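*Asks:* Submitted below is the structure of interest, expressed as structure tokens.
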Amino acid sequence: MATEQYEHQVVVLGAGYTGLMAALRVARKGRRLGAKVVLVNPSDRFVERLRMHQIAAGEELEHYSISEMVADTGIEFVRGFATRIAPELQNVVVEENGGRRVVPYDYLVYAIGSGANIRTVPGADLHAYTLDSPQSARRFARRLTDLQDHGAVAVCGNGLTGIEAAAEVAESFPSLHVSLIGREEPGVMMGPKARRYLHATLERLGIDVLTGATVTKVLPEAVELNSDGAVPTDVCLWTTGFWASDLAKTAAVQVDDRDRIIVDGSLRSVSHPQIFAVGDAAAVRQPWGEIHGTCQSGIPTAVHAADSCIRLIKNKNPKRFRFGYIHQPVSLGRKDGVIQFAKPDDTPRKLYLKGKRAARYKEFVSSSPPKFYRLARRFPIPRALVVPKGGRATRRNRVPAAVS
Ligand SMILES: Cc1cc2nc3c(=O)[nH]c(=O)nc-3n(C[C@H](O)[C@H](O)[C@H](O)COP(=O)(O)OP(=O)(O)OC[C@H]3O[C@@H](n4cnc5c(N)ncnc54)[C@H](O)[C@@H]3O)c2cc1C
């Protein structure tokens, strides 16, 4: 399958947090082995998805250009959108600039992320805003500004994304009424002290927290709940869960019920071993349970997939992926936050941070990836620095082969 000048071609789909990391690492380690990397992404802008709630509150973010970030690495950056994978031919169809191009691969790293799940609740696709892209976050911010200091905002979904968004909006638009709606109490995965701090901060920001509620319908001027009638709202933000694209599914690559590629212990697709899946688009299991979509876990999957491509190129078998969480960092506006330190299986430790120190910690976490990419371009980043292996929690011999 290799192209004329190169012995091996590794194609990386998606240049978000994981794809960029995977591409830079394969390029750095694979150059001397005759490996070429093609990186495909629809836009030249690297999207800091971790900061979409800041755009939603009207902030403009720093602009990072992907072509500049991969300059002088040997990576071919293709600005386009992958519309079809043909695993039997080992190629990908990419739509670029009104044209289309077929890109062959020896190994494919599938890193196309996920989007808000607006498919299951009626009206969410028509009336709710999402934080899927800077454009959608900006549209939401414009709508908030249009409300001119009076109006109601419903943030549906009170996981970490919903909490961060609600806090950011309440801080930046203090005269709007913000509701945070979800089934469980916010911060349910945190320890009691961190959770108490979180709740006190939501209260301080004037956020109305509705728990035990499932949104059953989104209307232009309200969200309907299973429990309590309807909540009148001028604008609804949807953060209830994430779904991967159906690109892999339509290629008959085995996926789970959220269309994420089911991978084996080394992150290769269980149906098509030439394909690695990483980040939000992968269904990854560890001995302690299933990884959930975060940058914290995604970047290690990218590092592992890159190292595995290199091992395969060297005719070695990929190693088993091992990962454990270290923290649950949550911003609560620009000056406040709460960080729950976690055991490898993401259950809370005793230690937590709050207030300004937590805000500074979170800012450090959010600003780290672009710095890492700059380093990864020039130096071989030691794996131990970016992949917390999870110690005993992942040392068990028996690894579930795949997520069902
Ligand atoms: C508001 C918000 C706050 C968050 N906060 C945190 C946090 O504090 N900590 C944390 O760990 N995680 C956080 N997350 C989750 C984190 O952002 C994701 O887990 C992370 O972005 C996943 O990285 P990824 O590379 O898989 O996907 P992404 O970073 O989303 O990158 C996917 C890339 O693929 C591209 N793409 C999509 N389709 C195609 C295609 N067909 N062809 C080519 N390219 C394609 C996209 O344009 C994008 O550039 C947050 C998410 C949100 C929305």
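*Asks:* Cα-based Rg (one decimal) and Dmax (whole number) for the stretch 90-214, in Å?
*Replies:* For the stretch 90-214, the Cα-based Rg and Dmax read 19.0, 56 Å.
*Asks:* In whole Hz and in residue order, list the ³J(HN,Hα) couplings for the stretch 312-329 that follow from phi through the Karplus curve 6.51 cos²θ - 1.76 cosθ + 1.60, θ = phi - 60°; x for Gly and Pro.
*Replies:* For the stretch 312-329, the Karplus-derived couplings read 5, 4, 7, 6, 10, 7, x, 8, 7, 7, 10, 8, x, 6, 10, 7, 10, x Hz, x marking Gly and Pro.
*Asks:* If each DSSP helix of 4+ residues adds -39,500 (n - 2.57) and the sum is divided by the residues in the chain, what number results at 222 nm, nearest 500 deg cm²/dmol? Write down the numbers at each step before the final one.
*Replies:* Details: 11 runs with 117 residues, N = 404.
Theoretical 222 nm ellipticity from helices: -8500 deg cm²/dmol.
*Asks:* Return one number: the angle in degrees, 0 to 90 and rounded to the nearest 10, between the long axis of the Cα atoms of helix 134-146 and the longest principal axis of the Cα atoms of the chain.
*Replies:* Helix 134-146 sits at roughly 10 degrees to that axis.
*Asks:* Right, another one. Long-range amide H contacts for Val178: which residues qualify at under 5 Å (H placed 1.01 Å from N, peptide plane, sequence gap of 5 or more or a different chain)?
*Replies:* Long-range HN contacts for Val178: Val153, Asp208.
*Asks:* Which of the listed residues, Thr233, Thr214, Ser245, is farthest toward the dipole's positive end in the stretch 210-262, when Lys, Arg count +1 and Asp, Glu count -1 at the beta-carbon?
*Replies:* Ser245
*Asks:* Using Cβ counts within 10 Å as a stand-in for footprinting exposure, how do Ser43, Ser245 rank, fewest first?
*Replies:* Fewest-to-most ranking of Ser43, Ser245: Ser43, Ser245.
*Asks:* Loop only per DSSP, at most 16 neighbouring Cβ atoms within 10 Å: give me the trypsin sites (Lys or Arg not before Pro) in the stretch 33-137, ordered by residue number. Working shown, then result.
*Replies:* On the way: sites: Lys36, Arg45, Arg49, Arg51, Arg79, Arg84, Arg100, Arg101, Arg119; in loops: Arg119.
Hits after loop and neighbour filter: Arg119.
*Asks:* Could I ask something else about it? Filter the GluC sites (Glu not before Pro) in the stretch 23-75 to those in DSSP coil with at most 13 other Cβ atoms within 10 Å of their Cβ, and list the result.
*Replies:* Details: sites: Glu48, Glu59, Glu60, Glu62, Glu68; in loops: Glu48, Glu59, Glu60, Glu62.
Listed in order of number, the matching sites are Glu60, Glu62.
*Asks:* Mind putting a number on the dipole of the stretch 165-249 about its Cα centre? Charges go on the C-beta only, +1 for Lys and Arg and -1 for Asp and Glu, and I need it in Debye to the nearest 20.
*Replies:* 380
*Asks:* When only C-alpha pairs under 8 Å and at least 6 residues apart count, what is the relative contact order of the chain, in percent?
*Replies:* 17
*Asks:* State, to one decimal in nm², a quarter of the convex hull surface area for the C-alpha atoms of the stretch 1-140, i.e. the direction-averaged projected area. Each step should come with its number before you reach the end.
*Replies:* Working: hull surface 39.9 nm².
Hull-based average projected area comes out at 10.0 nm².
*Asks:* Taking Lys29 as the anchor, which lysines have their alpha carbon closer than 22 Å to its alpha carbon, excluding any fewer than eight residues away along the same chain?
*Replies:* Lys314, Lys316, Lys319, Lys371, Lys389
*Asks:* Still on this structure, please answer the following. Counting only C-alpha contacts under 8 Å and six or more residues apart, can you give the relative contact order of the stretch 86-244 as a whole percent?
*Replies:* Working: 284 pairs, mean separation 44.9, N = 159.
Normalised by residue count, the contact order of the stretch 86-244 is 28 percent.
*Asks:* Would you kindly work out the equivalent ellipsoid of the chain from its C-alpha gyration tensor and give its semi-axes, the square roots of five times the eigenvalues, largest first in whole Å?
*Replies:* Numbers: eigenvalues 263, 108, 81 Å².
Three semi-axes, in Å: 36, 23, 20.
*Asks:* Scan around Phe77 for amide H atoms under 5 Å from its own, H built in the peptide plane at 1.01 Å from N, and keep only partners 5 or more places away or cross-chain.
*Replies:* It is Leu39, by chain and number.
*Asks:* Let me check against my output: what whole-number percent is the relative contact order of the stretch 291-374, with C-alpha pairs under 8 Å and at least 6 apart?
*Replies:* Values: 103 pairs, mean separation 16.5, N = 84.
This gives 20 percent for the stretch 291-374.
*Asks:* Give the lysines reachable from Lys350 as a straight Cα distance under 17 Å; neighbours fewer than 8 places away on the same chain don't count.
*Replies:* Lys193
Every read-out reported here was derived from the displayed coordinates using simple, explicitly stated rules and does not represent laboratory data. The model shown is predicted, which means the values in this text are computed figures rather than measured ones. Heads up, the Cβs are rebuilt from the backbone with ideal geometry, glycines too, and the neighbour counts pull from every protein chain shown.
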